[in-house]
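Taking it in order: structure first as structure tokens, then the write-up.
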Amino acid sequence: MRRLRPGTATDPAKPLSFRWNGTAFDALAGDTLASGLLANGVRVVGSSVSFGRPRGVMSAGLEEAHAFAQIGEGGASEPLMRATTVDLHHGLVARGLSTKGTLVQGDDPARFEKRHGHCDVLVVGGGPAGLAAAWAASAGGARVILVETTARWGGALGRDLELIDGAPALAWVDRITRDLAARPEVTALRRTTAAVSLDQNGVVLVERLPETTPPDRIRPIRRLWQVRARAVVVATGALERGVVFQDNDRPGVMLASAVRSYWHLHGIAPATVVLFTTNDDGYRTAFDLVEAGVLVRVLDARESIGPVGEQARARGIEVLSNAVVAGTRADQAGLLAAARFQAGRRQGEWPCEVLAVAGGYQPLLDLPAQRPDQSHRIVGAAAGQWSLAECLLDGLDAGVAAAEAVGFGSPGPTRPVVGPDWDRSPGTTLWQVPAPDGDETRSFVDLHRDVTVAGLDRALGAGVRSVEHLKRYTLAGTGIEQGKSAKAAAGAIASDRLGSEKPLGVSTGRPPTEPIAFALLAGRARGDLFEPVRTTPAHPAHVAAGAVFENVGQWKRPRYFPRPGETMAEAVAREARAVRTGVAIMDASTLGKIEVQGADAAEFLDRLYLNRLSSLKVGRARYAAMCRLDGTVFDDGVVMRLAPDRFFVTTSTGHAASVFEWMEEWRQTEWPDLEVWTTSTTEQWATYAVAGPQARTVVQSVAPTCDLSREGFPFLGVRPATIAGIAGLLARVSFSGELAFEVMVQSRHGLAVWNALLEAGTPLGMARYGLEALSLLRAEKGYLIVGQDTDADTSPIDAGLGWMISDKDFLGRRSLEMATHRRSDRKQLVGFLPSDPAIVLPEGAQFVADPTQPKPMTMIGHVTTSHPSPTLGRSFGLALVRGGRDRIGHIVHAPLEDRTVAVEIVDPVFYDKAGARRDG
Amino acid sequence: MLQIRCPWCGPRDEPEFRYGGEAHLRFPGNEADPAAWARFLYYRDNPAGAYRERWVHTAGCRQWFHVIRDTTSHRILGSYRLDEPPERAR
Amino acid sequence: MPEHAFHNPDFLWRNPDPKPSYDVIVVGGGLHGLATGYYLAKNHGIANVAVVERAWLGSGNAVRNTTIIRSNYLRDESAALYEHSLKLWETLAEALDYDLLFDQRGVLQLHHSQADVRSGTRLVHALRLNGIDAEWLDTESVKEFCPLINTSQDIRYPVVGAFLQRRGGIARHDAVVFALARAANRLGVDLIQDCQVTGFEKAGDRVTGIVTSKGRIGAGRIGLVGAGRTPLLAAMAGFPVPIQSSPLQALVSEIVDQVLNCVVMSSGVHVYLSQAHKGELVMGAGRDGYTSYAQRGSFHIIEQQVADALQLFPLFGRIHLLRTWAGIVDVAPDASPIIGPTPVENLFLNCGWGTGGFKATPGSGWVFADTLANGRPHPLVVPFGLDRFERGDLLDEHGAAAVAH
């Protein structure tokens, strides 16, 4: 093939060059990679996956089964692009592939983005039916989004010379698209494919934007739209299908409509063509190419060639009726050299450069097939309308109906006059021409997957009777184009070969209709924008102080604050010592905070928490925990009563959202009679724990007017206070066992108050401490962390929180009364001491009673928390152990990979059992 | 992706909501016998077809409400507030 | 022979009409149903068996999963059951005389937080003492084991360690369907496709047969293995099950050169993926939030899991999503399977495998065949009975390693 003239799609004023398999070629703006290759006489674009046979471009669109390319270089290199759907740009680099793509390491500068769209009517397909539908739907002012998968409007009108209202159809296309462009409520997108159908009339679109080589770092190259439409019109048209015959995969065997398309759009034509058709529509290719001076001969599968065939003969075209292609002959390079035919009793061979096959059209319905129960309006060729006039009327009617269905009128559109019209109906149905010699191992049903009729026979012989098994046994229809050209043929040919049994049908297509690059699915959610980072108000100060951060959900929390040269263990020991012997400060702002207000707030909390909170006095705080309905520990925290009808509830960091949602669920769904409101205030408050024997001195210096004395501000007291000039709250709660104050101020003052506290502490050598030291300190006191020292089986009784349970009702109480919760062999939270005080057991290590038992060993518990303690001068930890409280004082064993450690089970409180230090 | 009509905010995309399972369950109270309690905790109706279920508009108004959805097609037949009967679904 | 046709055998199965009655009917011709039929004949000499399938063999989750095989379960009961299955996988290809492309390339579970690490190390210790292979890898070892993973500490959720089960891996799901079906067929089991169960026949509290689109079929014992439709089948038989059916989506890319040498799962950025032998990436994530029988899910789940995957594998940016699909998974409140007798005499249940059914295929078939043959639960599945819910003795596997503080 070569370019004889510029086509309607290409611009001779805009030459460009591209590289294919290392060779530079010239082409024109408007060319696809496939048309650029054909224009340069490139007939072989790849080789077949299983047999290594040469393969050439066989289509002009998304049903392409051969021409796959790796496009671009370096990290921007994209595998397995169909040459027929890649628009050329100057400098594009491509190489041919069989079916396996390559991934290339490197930076990918390209941008991919996402967008939402909302409209009254979405029209999928910019061919005649789709244009007509969009035009009619938008005439009354409805918001319309119209998408067309190719670079041009008009669909088949680009390749089929038709007259509309007495003028060439493309003039009608221009008029309609100009009208649409003038309507402000219309968004018309070319190079945009409807890829995924969502529930409730959602459609995911892939829009391809202009690309450059090298890639642009600013402008996105692709956009993923999520469109919600009130009505959807599907006008995706139809694909021409081929006919299976022996050696039907040779480079040069093409769809007849594709041959016509390359001629009209790109000005490319072969020198000689044999047309093999089952229908009238195929003759268009013959007529159009004859006018270009191409030698064309026709094999018509029908008994009677009809008026169109006669017309061809009258124009001097040789036409054989009742004629089929029985096979092809190749030259030494494997390229098509001739079509072998059988016409009645006559056999023969016609040399040709291209064998154009017109097997009839098949509606392209892969989008609506994804959601068969949605009420999409399918119109035009997609609905089996086989004349242009019907397609246009169908489109107009559907556009009007869709607009009316969503409340927009439409002025009765004038009905275009088409003439003379062509019949695109399938003619005679012919899926396969049996191989004359019976050898079906070269009769390709799925050109992409190299599945042959012989392969189908083998599957049927094995007992396969379902089209889905056929697909899985042979892989027919599993290619990149999802068998757009192969699936129907596989089902039909298999049914035919089985004889009398019912038709096998077509295997199910899966979303998306078109492959979508992972980078586009991720959109901007990559790198720093992958997921939001939550930071506390004092975060900049932590960064400046050299904190090592830990991800806790989306939060960044300081794990420890190493001094130069310090290891983590050294830093944690220093931080912990500061709490025990001096003073230290911790940022606890990530703790969940919920305000619960209303006349029934106390009753509400009583129902949620194990303990009775209605008895809490204003200005007092209480440690409280709640269960799930199944009686396992859900969360714990401190509940503070600020007023008779106002509580300030804290939750663990990880449960802030779930506890809040839990409260709302019960408030709204079960207890709507309660007068109570909840508000999440986690991000409104900055919270700092100042802990250690000298905490009072530090806090007093920033809150000079507040009575912080032991008597004036007792343990578990809460009160408003002015801290560093800022109105806030002070609470005497302690998670370390030392004297501690929690300072709470509004977030916007958080950094200033943090700095003020640090400044106040400097004379006393106040340290910062992070999560590691906190975990150590609270474990020394036997305080648990929900989710670390409890799991999905742990009840509050198991966790040692049974003392909280009051005689009132609360959520989960019923489960705790079940026999299983009273078993003595439940895993209970206890302390342990390794026999060797230098050994720190790994968290997660398992305990056994008998260390000599062969595997599988009977495990009786596991380590939940384990630390070396500078205060205790030894290692220690917490563990969940079966019947643990009864084992206190007993020895169990932790079999590690390299040794077994004996461990004594002890009471979980290791430090200050009397609780004397909390008062300072 | 579903589009769900919040009775308070209007139609919104599914990621704004959280699923809450079967609607119109009765909390049996803490006096329930073991079988009734297990039924309440662990058993939910799971029909093929119209299903009355709960959703909460977590990323919106945070209100719980009811939806009638066909589990075989994901078609939503209507939604209604907690204080409305299913017949009011729209 | 095309290389990609995987040497499928010349003969798979007969397509018989149902006999009037069988000793045992297995309802559900998925992987677990086929395995049950196979082991009934092979282990128990009960070949007068029908496996009844409403569509085509393997049409449910058998062809809608990510083919991951592992036995790294925390609970002793679960570990024993899944390890039994993994051991069977190790000899299954030989037993079935079929190349299943079973490949023990290792399952790597990445951890991204200290809370993750705690649950990961707990799992390693528990598995080791249960006699199941398990290793803990630090970040450097992760990089060594799977160099493709982005172990940079600068990403949003850096890899801080990983659990590795070297004996874990993948197999080719279609081959497993074909192989089990062929083997069961060879042993005389009738595989009856396109046969929908519409009711159960009972005599008092005892089941005596099924009513189907192909007529009534009598049975001595009946096993329900209808993942994705369990609640409907149970309702037909007259008892409720604590199962919710929800979509679990997965996706596959186009075929690319082999680059990924193991199965990678990530608990922090929730995604799991592997590269199949043909070269496509197979990827999955969490369930959709709602109940469904529609075998499709919501697309934002796909978008999110791909974004998650690109965190770990920036190299995959330009690879294409080719197909997505959804299976309907049975999920029990504790995410563990339910196996054993039902309130109906002679009717047994095998369901609730949730998102993990593929790996359990041979183990599930083995224990369920034993259960059906002997009319009592196989010792390994005693804790997995339907009665555990009323007792409150749940086997919470996904919550066993609880959430972050």
Going by the structure shown, is C:Leu232 closer than 30 Å to C:Val282 by Cβ, within 14 Å of chain B (Cβ to nearest Cβ) and modelled with pLDDT of 95 or more? yes
Filter segment A:494-519 down to the residues that are closer than 18 Å to A:Leu198 by Cβ and more than 7 Å from every other protein chain (Cβ to nearest Cβ), then identify the one that is surrounded by the fewest Cβ atoms within 10 Å (Cβ to Cβ). A:Thr508
Scan segment B:55-90 for residues that are within 7 Å of another protein chain (Cβ to nearest Cβ), touching a Ser or Thr at 6+ places or on another chain (Cβ under 7 Å) and not in a strand (DSSP E or B) and jot them down. B:Thr71, B:His74, B:Leu82
A:Asp373: surrounded by 21 or more Cβ atoms within 10 Å (Cβ to Cβ), under 51 Å from the mean Cα position of the chain (by Cα) and assigned to a loop (DSSP other than H, G, I, E, B), yes or no? no
I need the full set of residues from segment A:880-901 which are under 16 Å from A:Leu829 (Cα atoms), touching a residue at least 40 places away in the same chain (Cβ under 8 Å) and more than 11 Å from every other protein chain (Cβ to nearest Cβ), in order please. A:Val881, A:Arg882, A:Gly883, A:Gly884, A:Arg885, A:Asp886, A:Arg887, A:Ile888, A:Ile891, A:Val892
In segment C:75-119, which residue that is within 13 Å of chain A (Cβ to nearest Cβ) and not in a helix (DSSP H, G or I) is farthest from A:Arg557 (Cα to Cα)? C:Tyr98
Residues being at negative phi and surrounded by 24 or more Cβ atoms within 10 Å (Cβ to Cβ) - total across segment C:45-63: 9
How many residues does segment A:610-636 hold that are assigned to a strand (DSSP E or B) and within 36 Å of the chain's Cα centre (by Cα)? 6
Is it the case that some residue within segment C:337-360 is in a strand (DSSP E or B), at negative phi and among the polar types (S, T, N, Q)? yes
I'd like to check something: does segment C:297-304 contain any residue that is outside any helix (DSSP H, G or I), out of contact with any helix residue (DSSP H, G or I) (no Cβ under 7 Å at 6 or more places or on another chain) and modelled with pLDDT under 95? yes
Have a look at C:Leu380, C:Leu347, C:Leu386, C:Leu310 and point out the one that is over 30 Å from A:Arg524 (Cα atoms) and touching a Gly at 6+ places or on another chain (Cβ under 7 Å). C:Leu386
Within segment A:547-560, how many residues turn out to be touching a residue at least 24 places away in the same chain (Cβ under 8 Å), surrounded by fewer than 23 Cβ atoms within 10 Å (Cβ to Cβ) and either in a helix (DSSP H, G or I) or not charged (D, E, K, R) (or both)? 5
From the set of residues in segment A:867-920 that are closer than 26 Å to A:Ala695 by Cβ and of a type in the set (A, V, I, L, M), which is surrounded by the fewest Cβ atoms within 10 Å (Cβ to Cβ)? A:Ala914
I'd like the residue in segment A:65-90 that is buried (at least 22 other Cβ atoms within 10 Å of the Cβ) and more than 14 Å from chain C (Cβ to nearest Cβ) and, out of all such residues, is farthest from A:Ala258 (Cα to Cα). A:Leu88
Counting only residues in segment C:234-252 that are touching a Lys or Arg at 6+ places or on another chain (Cβ under 7 Å) and among the polar types (S, T, N, Q), the one nearest to B:Asp45 (Cα to Cα) is identified as C:Gln244
Among the residues of segment C:5-19, is any within 14 Å of chain A (Cβ to nearest Cβ), free of Cβ contacts under 8 Å to residues at least 40 places away in the same chain, outside any loop (DSSP other than H, G, I, E, B) and closer than 30 Å to C:Gly279 by Cα? yes
Among the candidates C:Leu129, C:Leu148, residue that is within 14 Å of chain A (Cβ to nearest Cβ) and closer than 21 Å to A:Lys855 by Cβ: C:Leu129
Just give me the residues in segment B:31-54 being part of a strand (DSSP E or B) and touching a helix residue (DSSP H, G or I) at 6+ places or on another chain (Cβ under 9 Å), in sequence order. B:Arg52, B:Arg54
A:Glu772 is checked against (1) surrounded by fewer than 24 Cβ atoms within 10 Å (Cβ to Cβ); (2) touching a Gly at 6+ places or on another chain (Cβ under 7 Å) and fails just one. What number does that condition carry? (2)
Those strands (runs of 3 or more DSSP E) completely within segment A:179-264 that have 2 or more residues that are farther than 15 Å from A:His116 by Cα and β-branched (Val, Ile, Thr) are A:220-234
With segment C:120-230 as the region, which strands (runs of 3 or more DSSP E) entirely inside it contain at least 1 residues that are among the hydrophobic types (A, V, I, L, M, F, W, C), touching a strand residue (DSSP E or B) at 6+ places or on another chain (Cβ under 8 Å) and over 30 Å from A:Gly527 (Cβ atoms)? C:190-192, C:197-203, C:206-212, C:215-224
The lone exception for A:Gly479 - which of (1) within 11 Å of chain C (Cβ to nearest Cβ); (2) in contact with a helix residue (DSSP H, G or I) (Cβ under 9 Å, 6 or more places away or on another chain); (3) not aromatic (Phe, Trp, Tyr) it fails: (2)
Going through segment A:799-839 one residue at a time, which ones are within 14 Å of chain C (Cβ to nearest Cβ), closer than 30 Å to C:Glu135 by Cα and crowded, with 18+ Cβ neighbours inside 10 Å? A:Ala799, A:Arg826, A:Lys827, A:Leu829
Quick one: A:Gly438 ticks every box in (1) more than 30 Å from A:Met81 (Cα to Cα); (2) crowded, with 24+ Cβ neighbours inside 10 Å bar one, so which box is it? (2)
Got a number for residues in segment A:456-493 being buried (at least 24 other Cβ atoms within 10 Å of the Cβ) and charged (D, E, K, R)? 5
Is it the case that segment C:134-147 has a residue that's in contact (Cβ under 8 Å) with a residue 40 or more places away in the chain and more than 26 Å from C:Val269 (Cα to Cα)? no
The one condition in (1) more than 15 Å from the chain's Cα centre (by Cα); (2) buried (at least 20 other Cβ atoms within 10 Å of the Cβ); (3) away from chain A (no Cβ under 12 Å) that B:Trp37 fails to fulfil: (3)
Considering C:Leu321, C:Leu395, which residue is within 14 Å of chain A (Cβ to nearest Cβ) and touching an Asp or Glu at 6+ places or on another chain (Cβ under 7 Å)? C:Leu395
Among the residues in segment B:4-15, are any in contact (Cβ under 8 Å) with a residue 24 or more places away in the chain and facing another protein chain (nearest Cβ under 7 Å)? yes
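The values are calculated or read from the model by the stated rules, or taken from the named source; none is laboratory data. Small disclaimer: the values here were computed from a predicted structure and weren't measured. Virtual Cβ from ideal backbone geometry, glycine too; neighbours counted across all protein chains shown.
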